[in-house]
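Notes for the one structure printed next.
The values are calculated or read from the model by the stated rules, or taken from the named source; none is laboratory data. Worth saying up front: this structure is predicted, and the values here are computed from it rather than measured. With ideal geometry, Cβ positions are generated from the backbone for all residues, glycine too; neighbour counts draw on all protein chains shown. Please note that ligands, DNA and RNA were not included when accessible areas were found on the heavy atoms of the full protein model with its side chains. Shrake-Rupley method; radii C 1.70, N 1.55, O 1.52, S 1.80 Å.
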Amino acid sequence: MLGGHILHGGDYNPDQWLDCPEILEEDIRLMKEANVNCMSLGIFSWARLEPEEGKYDFDWLEQIIDRLGREGIQVVLATPSGAMPHWLTQKYPETMQVQADGKRNLSGKRHNFCYTSPVMREKIYRIDSALSERFGKKDNVILWHLSNELGGNFADSSCHCELCQEAFRNWLKEKYGTLDNFNHAYWNSFWSHTYSDWSQIHSPAPHGETTTTALTVDWKRFVTHQMSDFTRCEIEAVHEHSDLPVTTNFMYFFRGLDYGKMREGLDIISWDNYPFWHKTKDEVQAAVRAAANHNIMRSLKKQPFLLMESTPSAVSWRGFNPVKRPGMHMLSSMQAIAHGSDSVQYFQWRKGRGAFEQFHGAVVGHKNGSNTRTFRQVAELGERLEAVSGLIDGTVNRPKAAMIFDWENWWTLEDVSGPRQDISYIDCILDHYQAFWEAGIDMDFVTMDDSLEGYSLVAAPLNYMYKQGYAEKVREFVEKGGTYVTTYFSGIADETDLCFTGHHPLADVLGIEQEEIDAPSDEFTNSFCYGGKEYAAGNLRELIHAGEETEVLSVYSEDYVKGEPVVTAHSFGKGKAWYLAAAAGEDFLRVFYADRLKEAGIGNTLGTELPYGVTVTERIGNDGKRIVFVMNFRNEPVTIRGIGSWTDAESGKKYEGELQLDAFECIMLQ
Ligand code: GAL
């Protein structure tokens, strides 16, 4: 466990308060009172660390690191590439991004750098390595925090400058070798798109090419590649004088970078979590989204991750920004731990007086010091985290179920001009995941590149694109006894969006052939019967044909497809593959997956049905130690029955057969 305990603290921006020494002293006192043990420093401090080109001023930072060290507070030290100083962008405008329409950004905002620019790379290398030399061996500095939320706050923000265009063409040359291969992979004979020279290729742009999915997806792959390369440059720099681990803080369902690729080179995965709590009185949707995101982060390395940011109360960037109601701060923080985090860090420690984030939640507000509800909740959580650190140390979640979640599939699926233009991969992933969450079944999220070993059940909803080797992997998984569930609009195209011809790549495993997919309007309803109950067929419906040995469990009930298969199962080797030909709601998915889980021998740890709004996860140690987290996301007490005998891991209280949870409560059992 990094730092020897669950990290609790957050982004600290003392550079905004350097002219108020009394505030800095008060901060230290309040940090002790808030039971925090780790601060992230220097995230947006470039202008303060290098006020003039080549002139570093690190003394103020050293004083703060040392001051924190004397209080036993550890430091996550950032590299400052997240925001660039004006002297840099004024003198070297090529360090700023060019938008897709060819317009170069102006100075200001953040996440504005061109990751190809040699000047940017040189300047960041120098300051990173100087930071590493000065601070990389300090006792209380424990981790490098590279940049901040790479890729910007907005999906698909990428640089389209001439340097990036050239790098993109070279990347394509490397990938495809010849123009013939390239033209074939892109199906460029369509609309006379055949390229006769590499120099004709340009990134997707609103006034240019946007209609070739292979191009838009390759561009995103290239952006990930280039950003990884930039990150490698930062890693090399901080490792010049230090061997501390590195991380970079990822984001909530971020589409702009393939985290499956970005994970390489990082020692620890960390991410920033801002669920929309209290958007409605029913918190389940927000809880499911946050849980899925935690699981994605954990699954990237199958190790504990760090929650690098969360708000202690409200954010300030949504249309409306509710504060956390009593109990939610504890619950949402414990949710992160329950799903595999070894930290609860905040944005931010102290509210700034001005500028864009002046109203964003912070541990310390503009008024009242520690005498606030937020502060007391933070202090209470800190006390609890310190107390349970020993229990959590060395444990991680090891689920038996996994879902395929792949960025390249996401990009391709949502970019193609297919049956509907409003297909949402994330919504579908979350619909399927919710059935597991409600059943109290933890699950990993793996990309098509990851191994399926160790799982008994793998779900692959809307798995439109198949990467090379993926079908073989699934075939082997099912053959050896795995349960595989996939849906309509899966196995359609390869990595450059060329449709498979002939059969579905897994036709032998699934025992079906796809014929056509309908995207009807709401007036053309249909339904199917499963387990004796009728369920609505959603707005994507395939017409498929089942093979002779395929079981058909449900058929369309109406219309011209009446009697055609909707739910099928096919035994293959020692396992079974399931196909859902139509989209369906939570009412069906809940029942469908309950059956699959039972067949696969996967049950929740408490061995009982959970009330709505309650879920369970489990962290397991190498020594077999198991810690069970039971979480109630309802703002009212609930009772769970039929649980057997358990002991509260914190209080030692015994539970026999029944367990009561307060509103928004999380308890840990052994
Ligand atoms: C994050 C960012 C922080 C802060 C926070 C506000 O995306 O990393 O610097 O802006 O949002 O919610």
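Region 590-629 and region 49-107 have Cα centres lying 45 Å from one another. Accessible surface for residue 202 stands near 80 Å², nearest 10, in the context of the full protein assembly shown (1.4 Å probe). Within the set 175/473; 91/137; 281/653; 473/533, which residue pairs have Cα atoms separated by over 28 Å? Cα-Cα > 28 Å for 91/137; 281/653; 473/533; rest within. Counting only aspartates and glutamates at least 8 places from residue 324 when in the same chain, those with an alpha carbon closer than 16 Å to its own are 282, 283, 309, 380, 636, 665. In the complete set of protein chains, residue-level accessible area for residue 517 is approximately 50 Å², probe 1.4 angstrom. What the chain shows is 39 Å² of accessible area per residue, with the surface traced by a 1.4 Å probe over protein heavy atoms. Per residue, the chain reaches -9500 deg cm²/dmol at 222 nm when only DSSP H runs of four or more residues are counted, each adding -39500 (n - 2.57). Among the GluC sites (Glu not before Pro) found in region 536-627, those both in a DSSP coil and sparsely packed, with 11 or fewer other Cβ atoms within 10 Å of their Cβ, are 548, 549.
Each principal axis of region 614-669 carries a Cα extent, and these read 36, 21, 20 Å when sorted largest first. Using the Cα gyration tensor of region 557-618, with a ≥ b ≥ c the square roots of its eigenvalues, what is the shape: rounded (a/c below 1.5), prolate (a/b larger than b/c) or oblate (neither)? Note, shape of region 557-618 comes out oblate. Across the accessible surface of the chain, with the other protein chains kept in place and a 1.4 Å probe, carbon and sulfur atoms take up 49 percent.
Within region 44-130, the trypsin sites (Lys or Arg not before Pro) that combine a DSSP coil assignment with at most 10 other C-beta atoms in a 10 angstrom radius are 103. Separation of the alpha carbons by more than 30 angstrom is noted, of 173/467; 279/625; 301/480; 279/654, for 279/625; 279/654. Could you tell me which of the pairs 261/302; 109/351; 261/574 are separated by over 26 angstrom between their Cα atoms in the structure shown? From the list (261/302; 109/351; 261/574), the Cα-Cα distance tops 26 Å for 261/574.
Given N residues in region 151-284, what is its alpha carbon radius of gyration divided by 2.2 N^0.38 Å? So the Cα radius of gyration is 1.31 times the expected 2.2 N^0.38 Å.
Where a ≥ b ≥ c are the square roots of the eigenvalues of the C-alpha gyration tensor, would you call region 497-649 rounded, which needs a/c under 1.5, or, failing that, prolate if a/b is larger than b/c, or oblate? It is prolate, given that a/c is not under 1.5 and a/b is the larger ratio.
One equal scatterer on each Cα of the chain, no solvent, Debye formula: the resulting log10 I(q)/I(0) at q = 0.11 Å⁻¹ is -1.20.
Our note on the geometry: Cα centres of region 124-182 and region 250-315, 21 Å apart. The base-10 log of I(q)/I(0) for region 401-600, evaluated at q = 0.15 Å⁻¹, reads -0.89 [Debye formula, identical scatterers on Cα atoms, solvent excluded].
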